[in-house]
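What follows is a set of notes on a single structure, which appears directly below.
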Amino acid sequence: MKKLALALIVLAAPALARDKKTPAPAPIAPSVDGLPIGVLPKQDLPAKGCAAFLWTRGPSQAMIAMAVADPGKIRLTIDGKVQDFAMIGQDGTGGFGFSHTTEYKGGDVTATLDMTIANDANLANGARIGEATLRIDRPGQDTVVVPAGGLIGCA
């Protein structure tokens, strides 16, 4: 009898394992500190080139943006969706493939990133972004300017 029970458990185990559902990923927070911009989930460094990772200076200190130098784009969470916006203009010297001011556009959203890049001897293949602002413009809605800071990492 014990052998029969054991055989039934062994045979049922794969079926029971299939019934377990993989937990759904955590939902993306649609707003950081009451702003119309959401948390950006964990992002990987691009395979080549540099990326700037930006966190809010507000109470939550959440990651809100990842800008990539080449091809020029920024990734943001707007209306609860992670979206990429293409670079449409840049001005000033920044470093690591970035300008001091870069403008991005996608649909009716325009994002302007102003950042001051500082070399840091403690960082290999990257730099510190001591001061930055991310401005979001959308027709018919308030313009939002978010103070930020962050790091640049290069592959």
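Would you mind telling me the share, in percent, of accessible area of region 40-155 contributed by carbon and sulfur at probe 1.4 angstrom?
For region 40-155, the apolar C and S fraction of the accessible surface comes to 49 percent.
Accessible area per residue of region 100-155 at 1.4 Å probe, in Å²? Spell out each step's value before the answer.
Values: 2780 Å² over 56 residues.
Value returned for region 100-155: 50 Å² of accessible area per residue.
Cα convex hull of region 44-84: how many Å³ per residue?
76
Going by amide H atoms built from the backbone, whose H comes under 5 Å of the H on Ala62, apart from near neighbours?
The answer is Thr56.
So what are region 44-155's ellipsoid semi-axes, whole angstrom, largest first, if each one is the square root of 5 times an eigenvalue of the alpha-carbon gyration tensor?
22, 15, 13
Using modelled backbone amide H atoms (1.01 Å from N, in-plane), which distant-in-sequence or interchain residues come within less than 5 Å of Gln90's amide H?
Close amide H contacts, sequence-distant or interchain: Glu103.
If you take all C-alpha pairs in region 94-155, what percent of them are over 20 Å apart? Walk me through the numbers before you get to the answer.
Working: 642 of 1891 pairs.
Taking all Cα-Cα pairs of region 94-155, the fraction more than 20 Å apart is 34 percent.
The values are calculated or read from the model by the stated rules, or taken from the named source; none is laboratory data. Being a predicted model, the structure only gives us computed values, none of them experimental. These area figures cover heavy atoms from the full protein model, side chains too; ligands, DNA and RNA do not enter into them. Shrake-Rupley method; radii C 1.70, N 1.55, O 1.52, S 1.80 Å.
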